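First up is the structure itself, then whatever we jot down about it.
The values are calculated or read from the model by the stated rules, or taken from the named source; none is laboratory data. Every value quoted in this text rests on a predicted model; they were computed, and no experiment measured them. Note: ideal-geometry Cβ built from the backbone for every residue, glycine included; neighbour counts use all protein chains shown.
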Amino acid sequence: MKRKLFPALAAVLILALALAGCAPQTAQAEYIGIDAAKTIALEAAGVSESAAVFSTAGLDRQNGTDYYAVDFTANGRTYAYDIDAVTGVIIDSSEDQSQPAQATDGGASAESSADGANSSANASQSTDGSAAITEDQAREIALADAGLTAEEVTFLKTQLDRDDGRLVYDVEFYTADYTEYDYEIDAADGTILSSDFDAEGYTAPADSATAITADQAKEIALAEVPGATVDDIYEFELDRDDGRLEYEGAIWYDGTEYEFTIDGYSGAIRSWEADLRSRSFS
């Protein structure tokens, strides 16, 4: 009986080890990062970084798998890669011939058109299909505004997009405490068109904690907008969200709308959004 039992136990053990080896990736696995994903895509395409113009480089998820979507153009071709965010394995890829630019009727007309366009190129470059600033410059602008360095954040997305006929960079990243930042930057001159951040991981204070006053909350918000005064606050209220006390309000100053949420106890800014183009007053 004992001789027959040992093979059975061995078979069970082998099956258990096999199933363990098929277990999905754990949530603790570290991502390779956007820069590494871009390098993998460029090497697979046989393209140098200086020759590539990236239109998409962001983290995404499909069927439970996190991956980096990396799209770029180089040498008249368009490349698209999906790269596993943990292993760096290329999940999917495609390559297409880019649409060639339409030729003009003659060299003279093309030259005259170029002369006429030079005077307005700097003012409207974000609407003519080309970006004046690079993806790295857009990220640097966002980081500088947030007061952070590249080593302190994890980038989720840096993508060139078109909004109302204007080329913009969407830049998203988060910090070690899971505060998430989202920027929209004009691709022509680097102007920050909109920005916001949300702080996660909030712990409600004890019931005995002392709440800050409404005036203190307003002072905290106005300190983020140099030159603005109490008269520029057009919305303000005390609210309670999931058991936490917070002040919510909005400031309109110098052509930009700022919306904020401030912790009612610590005075910490829980969320902040600035929109250069907003004109909404209800």
Strands (runs of 3 or more DSSP E) contained in region 143-187 and holding at least 2 residues touching a Phe, Trp or Tyr at 6+ places or on another chain (Cβ under 9 Å), under 18 Å from TRP272 (Cβ atoms) and modelled with pLDDT of 90 or more: 166-175, 180-186
Any hit, region 116-133, residues being part of a helix (DSSP H, G or I) and at pLDDT 50 or above: no
Restricting region 244-257 to residues that are in contact (Cβ under 8 Å) with a residue 24 or more places away in the chain and closer than 16 Å to ALA199 by Cα, the residue that is surrounded by the most Cβ atoms within 10 Å (Cβ to Cβ): TYR247
Options ILE34, ILE40: the member that is modelled with pLDDT of 85 or more and either more than 20 Å from the chain's Cα centre (by Cα) or surrounded by fewer than 17 Cβ atoms within 10 Å (Cβ to Cβ) (or both): ILE40
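Here is a yes/no grid of residues against (1) at pLDDT below 80; (2) of a type outside the set (Ser, Thr, Tyr):
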| residue | (1), (2) |
| --- | --- |
| TYR81 | no, no |
| THR87 | no, no |
| ILE91 | no, yes |
| SER94 | no, no |
| THR104 | yes, no |
| ALA110 | yes, yes |
Qualifying positions in region 217-243 - without any contact (Cβ under 8 Å) to a residue 12 or more places away in the chain and in a helix (DSSP H, G or I): GLU219, ASP231
Top-ranked residue in region 43-70 [being charged (D, E, K, R) and at pLDDT 85 or above; ranked as nearest to the chain's Cα centre (by Cα)]: GLU49
Of all residues making up region 29-56, the number that are of a type in the set (Val, Ile, Thr) and part of a helix (DSSP H, G or I): 3
In region 45-64, the residues that are surrounded by 15 or more Cβ atoms within 10 Å (Cβ to Cβ) and either farther than 17 Å from ASP136 by Cα or touching a His at 6+ places or on another chain (Cβ under 6 Å) (or both): ALA45, VAL47
